[in-house]
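Q: Quick one: the structure is below, and I'll ask about it shortly.
The values are calculated or read from the model by the stated rules, or taken from the named source; none is laboratory data. Remember, predicted model here, so these are calculated numbers, not experimental data. Cβ placement follows ideal geometry from the backbone for every residue including glycine, while neighbour counts extend to all protein chains displayed.
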Amino acid sequence: MVAALDALRPLLAEQGIALAHATTGEPAGPGERRLAQAMLPFRRREFLAGRRALRQALAAAGCPAGEILYATGRRPRLPAGAAGSLTHSGGLAVALAAGTRRFRALGCDLELRGLPLAAAHLVLGEDERAWAEGSASVLHAAFSAKEAAFKAFGALLPAGRAPTTLLGLAARPVQHGFLVWPRGLPGSAVPVRVHRAGDHGVFSWVAVAAAGRPGDGLPVRAAGRRSAPPR
């Protein structure tokens, strides 16, 4: 699974995005220490590993950071000029980072375990459950893709317009992943890439390019041919 993530590094680096991962970490200062001390042991390990991974990704992207505290909505407070995203699963933290001159927002999600099909109604609308075809692997991929997009739209849209649940996002399968957009804003769709991570895991990421820059991260319209969903 770690090998699968490491294999993504060159692909992401070509686009100016740094990836890092960690399983442990230490507070970078008194602020992080105070936050960590108030957490339960598992959450503390997760928090510190996440901060370590995010610091490593930011440094690799040319945006070094010391302490990383909380911004609005408990998102990591990033240094000026940096975009980033953080995910945890199964004791592993993974982070993406890039400069905002190239990307307005990033989103990533690692899911090492799938969801039961009985939970599909919490992730997919009725229109989406048709293409999911009752497949646990498709639900797993769509869940991860929506989680990644949820983080990106949380950074892009003002409070009150950003989705507050995964059902507030619509998705349709395309090659290599999904197009995802806030319901009611189909012109704001972003392409989310989905990759296998180990035997049962998936890693999803989205990069929304800065205005005027070409590339896969640019928002695209939701119209077009549908592809088979990732399995």
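Here is a yes/no grid of residues against (1) under 17 Å from Val94 (Cα atoms); (2) among the charged types (D, E, K, R); (3) modelled with pLDDT under 95; (4) surrounded by 12 or more Cβ atoms within 10 Å (Cβ to Cβ):
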position: Arg33; (1), (2), (3), (4): no, yes, no, yes
position: Met39; (1), (2), (3), (4): no, no, no, yes
position: Arg44; (1), (2), (3), (4): yes, yes, no, yes
position: Leu54; (1), (2), (3), (4): yes, no, no, yes
position: Ala57; (1), (2), (3), (4): yes, no, no, yes
position: Thr72; (1), (2), (3), (4): no, no, yes, no
position: Arg75; (1), (2), (3), (4): yes, yes, yes, yes
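Q: Here is a list of conditions, (1) aliphatic (A, V, I, L, M); (2) in the same structural domain as Ser188 (by TED's automatic domain parsing); (3) at pLDDT 95 or above, and Ala118 meets all of them except one; can you say which number that is?
A: (3)
Q: Please specify each residue of region 146-163 satisfying the condition of being without any contact (Cβ under 8 Å) to a residue 60 or more places away in the chain and touching a Phe, Trp or Tyr at 6+ places or on another chain (Cβ under 9 Å).
A: If we filter region 146-163 for residues that are without any contact (Cβ under 8 Å) to a residue 60 or more places away in the chain, which is where we start, we get 146, 149-150, 153, 156-158, 160-163.
Selection gives Lys146, Ala149, Phe153, Arg161, Ala162, Pro163.
Q: Being at negative phi, part of a loop (DSSP other than H, G, I, E, B) and either touching a helix residue (DSSP H, G or I) at 6+ places or on another chain (Cβ under 8 Å) or not hydrophobic (A, V, I, L, M, F, W, C) (or both) is the requirement here; does Ala171 meet it? Before you say what the answer is, go through the steps one by one.
A: Details: at negative phi: yes; part of a loop (DSSP other than H, G, I, E, B): no; either touching a helix residue (DSSP H, G or I) at 6+ places or on another chain (Cβ under 8 Å) or not hydrophobic (A, V, I, L, M, F, W, C) (or both): yes.
Answer is no for this residue.
Q: For region 114-136, which residues satisfy the criterion of being in a loop (DSSP other than H, G, I, E, B) and either surrounded by 14 or more Cβ atoms within 10 Å (Cβ to Cβ) or out of contact with any helix residue (DSSP H, G or I) (no Cβ under 8 Å at 6 or more places or on another chain) (or both)?
A: Let us first name the residues in region 114-136 that are in a loop (DSSP other than H, G, I, E, B), namely 114-116, 123-125, 133-135.
Gly114, Leu115, Val123, Leu124, Gly125, Glu133, Ser135 - these are the residues of region 114-136 that are in a loop (DSSP other than H, G, I, E, B) and either surrounded by 14 or more Cβ atoms within 10 Å (Cβ to Cβ) or out of contact with any helix residue (DSSP H, G or I) (no Cβ under 8 Å at 6 or more places or on another chain) (or both).
Q: Further question: Out of all the residues in region 137-167, which are in a loop (DSSP other than H, G, I, E, B) and charged (D, E, K, R)? Before you say what the answer is, go through the steps one by one.
A: As a first pass, look at region 137-167 and keep what is in a loop (DSSP other than H, G, I, E, B): 157-165.
Scanning region 137-167 gives a single hit, Arg161.
Q: Here's another thing I want to ask about it. Give me the residue from region 118-146 that is of a type in the set (D, E, K, R) and over 16 Å from the mean Cα position of the chain (by Cα) and, out of that set, nearest to Pro191 (Cα to Cα).
A: Here is the first cut: in region 118-146, the ones of a type in the set (D, E, K, R) are 126-129, 133, 146.
Right, trim to over 16 Å from the mean Cα position of the chain (by Cα) and you get 126-129, 133.
Details: Glu126: 21, Asp127: 19, Glu128: 16, Arg129: 19, Glu133: 21 Å.
It comes out as Glu128.
Results for (1) touching a residue at least 24 places away in the same chain (Cβ under 8 Å); (2) of a type in the set (S, T, N, Q), shown as yes or no for each residue.
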{"position": "Leu69", "(1), (2)": "yes, no"}
{"position": "Thr72", "(1), (2)": "yes, yes"}
{"position": "Ala82", "(1), (2)": "yes, no"}
{"position": "Ser85", "(1), (2)": "yes, yes"}
{"position": "Gly107", "(1), (2)": "yes, no"}
{"position": "Leu110", "(1), (2)": "yes, no"}
{"position": "Arg113", "(1), (2)": "yes, no"}
{"position": "Ala118", "(1), (2)": "no, no"}
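Q: Can you confirm whether Ala145 is of a type in the set (A, V, I, L, M), surrounded by fewer than 17 Cβ atoms within 10 Å (Cβ to Cβ) and not assigned by TED's automatic domain parsing to the domain that holds Ala20?
A: Numbers: of a type in the set (A, V, I, L, M): yes; surrounded by fewer than 17 Cβ atoms within 10 Å (Cβ to Cβ): no; not assigned by TED's automatic domain parsing to the domain that holds Ala20: yes.
Judged against the criteria, Ala145 is not a match.
Q: Looking only at region 1-45, count how many residues are free of Cβ contacts under 8 Å to residues at least 60 places away in the same chain and polar (S, T, N, Q).
A: Number of matching residues: 2.
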